[in-house]
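A short write-up of the structure that comes next.
The values are calculated or read from the model by the stated rules, or taken from the named source; none is laboratory data. These figures come from a predicted structure and were not determined experimentally. A quick note on method: Cβ atoms are made from the backbone with ideal geometry, for glycine too, and the neighbour counts reach across all protein chains shown.
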Amino acid sequence: MASRRVLIVTYWYPPTPGAGAERAAGFSRHLPEHGWDPIVLTAQTHGASWSARIFGFGESESADEVQTVYRVPDLVGAGDIQGPYTGPPVRKSEHWLRRLVFPDRFAIWAGRAQREARYKLEDALPDIVWTTFPPASAAMAAGILADRFSRPLVIDFRDPWFGAGGYAPQSQRQRERHEELERRLIRQAAAITVISEAMRDDLCRRLDVEPSRAHVITNGFDAARCIQVEPVQTQRPPELVHVGSVSQRNRPDLFLQALAAARRLGPLPWRVRFVGNISAGYIASLGLADSVSITGMVPWNDAWRETCQSTALLLLAGDYVGEWGHNTKVFEYLRSSRPILCLEERPGSNDRRLLESLAGDRSRFGLLTNPASILEGINAVMGIGKESPIGTLDASEGLDRYDRGRLTGQLAEILDDIVAHR
């Protein structure tokens with residue numbers, strides 16, 4: 001059977017890092033295995049050349065060579081790299097661009113992307129249009145293109161429309177416009193995918209969506225990329241390692257404040273290492289420069305090596321992430337077979353349930369709101385790590401369920417069913 005074509009509309013895509021980029025790229029990488037040829041419509045932003053060097057791609061090179069990628073410049077320059085985390089944000093007045101441009105600052109890019117897609121694809125139309133939210137502008141552009149091409153639309157929600165991962169309208173009029181756009185796109189969509197059951201249940205309840213239209217496809221990892229790493233030959237000091245970018249949603253401030261309080265009482269018996277975007281200035285301001293090291297942003301292969309060679313791994317589960325989905329790094333953490341400390345802002349997070357089900361023997365937990373609980377958890381997980389051999393991988397069937405190859409198979413089944421019943 002000849003391959004079908006799916007147009008993927010996403011603002012975030014490699015070499016830009018982040019969960020949204022990884023999810024879209026993972027699906028596009030594996031869709032050809034299931035009879036679908038992806039055509040990716042994405043952004044070319046001002047920081048792309050820097051991000052390409054950091055993440056190991058050439059400036060004009062895609063993360064994947066197997067599909068067509070159309071990159072439309074974002075002239076507004078929204079930026080493609082999450083900046084260094086410098087502590088809890090200070091509330092500022094709303095930027096003028098947010099008041100003038102609806103639905104968000106990506107709207108100008110979305111308009112240009114629509115025109116590019118109509119020009120490029122008019123003579124070779126896709127069979128279906130898939131988009132991932134946020135941002136809303138990408139979803140809106142996908143809806144317009146699906147109408148233009150008379151093709152079904154599938155919307156993927158990585159975050160709820162309203163809240164920390166979506167939008168917080170500053171006026172009632174703004175909120176009403178967002179609500180109307182959300183309802184319109186939901187009505188148009190032939191199917192909806194979400195990352196968790198909690199998100200599906202919320203969507204069905206708020207917007208009266210038929211449960212049969214909403215499908216859970218969780219976040220995951222690319223098992224083929226997570227290869228075995230040889231142990232380092234030199235002795236490394238015991239380190240608790242956090243891999244991946246952090247934002248206020250993860251509540252790193254609570255964790256670091258607890259460390260700072262402990263450090264004021266004396267030297268810490270272990271070190272903490274952040275592989276990602278924590279600001280060195282912020283660490284120094286807390287008096288932790290001698291206890292916390294920072295690598296900054298590194299290529300994925302280097303981040304994977306840091307994961308596998310850690311004494312133990314740190315997972316921060318703020319309320320928002322704990323309620324709506326999983327930390328995207330939790331699956332690679334599990335694959336590495338290293339001990340994991342999961343610190344929750346509120347007990348009972350999705351990450352905790354996943355860790356307890358797949359790696360209860362090497363997982364420990366603590367409360368981000370309780371400094372004593374944090375220190376107790378670190379001591380416990382570091383004790384496990386010192387006794388755990390480095391260099392093995394978790395190849396269990398339970399974890400392999402989250403391989404993006406398998407998850408893409410779920411998406412392909414949804415696309416097949418929609419096209420077959422048009």
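Which one of these is under 28 Å from Glu230 (Cβ atoms) and in contact with a His (Cβ under 7 Å, 6 or more places away or on another chain): Gly385, Gly391, Gly409, Gly405?
Going through Gly385, Gly391, Gly409, Gly405 in turn, the sole match is Gly405.
Can you report the number of residues in the range 200-221 which are closer than 23 Å to Ala19 by Cβ and touching a Cys at 6+ places or on another chain (Cβ under 9 Å)?
Qualifying residue count, the range 200-221: 1.
Could you please find all residues in the range 296-306 being part of a helix (DSSP H, G or I) and either in contact with a Lys or Arg (Cβ under 7 Å, 6 or more places away or on another chain) or over 16 Å from Thr392 (Cβ atoms) (or both)?
Residues satisfying the conditions are Trp300, Asn301, Asp302, Ala303, Glu306.
Tell me the helices (runs of 4 or more DSSP H) entirely within the range 344-422 that contain at least 1 residues that are under 24 Å from the mean Cα position of the chain (by Cα).
In the range 344-422, the matching helices (runs of 4 or more DSSP H) lie at 350-359, 397-400, 404-420.
Could you check, for the range 183-199, whether at least one of its residues is closer than 30 Å to Arg404 by Cβ, assigned to a helix (DSSP H, G or I) and β-branched (Val, Ile, Thr)?
yes
Starting from the range 210-232, keep only residues that are closer than 23 Å to Ala190 by Cβ, then list their pairs with residues that are in a helix (DSSP H, G or I) and not hydrophobic (A, V, I, L, M, F, W, C) whose Cβ atoms are within a distance under 6 Å, requiring at least 6 positions of separation or different chains.
Ala214/Arg200; Val216/Glu197; Val216/Arg200; Ile217/Gln410
Given (1) in contact with a strand residue (DSSP E or B) (Cβ under 8 Å, 6 or more places away or on another chain); (2) polar (S, T, N, Q); (3) modelled with pLDDT under 95, identify the lone condition not met by Gln410.
Failed condition: (3).
May I ask you to list pairs of residues, at least six apart or on different chains, whose Cβ atoms are under 8 Å apart, with the first in the range 155-176 being assigned to a loop (DSSP other than H, G, I, E, B) and the second being among the hydroxyl-bearing types (Ser, Thr, Tyr)?
Pairs that qualify, where the first residue is assigned to a loop (DSSP other than H, G, I, E, B) and the partner is among the hydroxyl-bearing types (Ser, Thr, Tyr), are Arg158/Thr132; Trp161/Tyr167; Gly163/Tyr320; Ala164/Tyr320; Gly165/Tyr320.
Please enumerate the residues belonging to the range 342-351 that are surrounded by fewer than 20 Cβ atoms within 10 Å (Cβ to Cβ) and touching a residue at least 24 places away in the same chain (Cβ under 8 Å).
Filtering the range 342-351 for residues surrounded by fewer than 20 Cβ atoms within 10 Å (Cβ to Cβ) gives 346-348.
Answer for the range 342-351, where residues must be surrounded by fewer than 20 Cβ atoms within 10 Å (Cβ to Cβ) and touching a residue at least 24 places away in the same chain (Cβ under 8 Å): Arg346, Gly348.
Take the residues of the range 301-336 that are surrounded by fewer than 22 Cβ atoms within 10 Å (Cβ to Cβ) and farther than 19 Å from Phe274 by Cα: which is nearest to the chain's Cα centre (by Cα)?
Going through the qualifying residues, I end up with Tyr320.
Residues to consider are Gly377, Gly391; find the one that is on the phi > 0 side of the Ramachandran plot and assigned by TED's automatic domain parsing to the domain that holds Ala303.
Only one candidate passes the filter, namely Gly391.
I'd like to verify a number: residues in the range 219-259 that are touching a helix residue (DSSP H, G or I) at 6+ places or on another chain (Cβ under 7 Å) and under 30 Å from Thr369 (Cα atoms), how many?
Number of matching residues: 12.
So, in the range 255-295, of the ones that are assigned to a strand (DSSP E or B) and among the basic types (Lys, Arg), which residue ends up nearest to Cys308 (Cα to Cα)?
Checking each candidate, the answer is Arg273.
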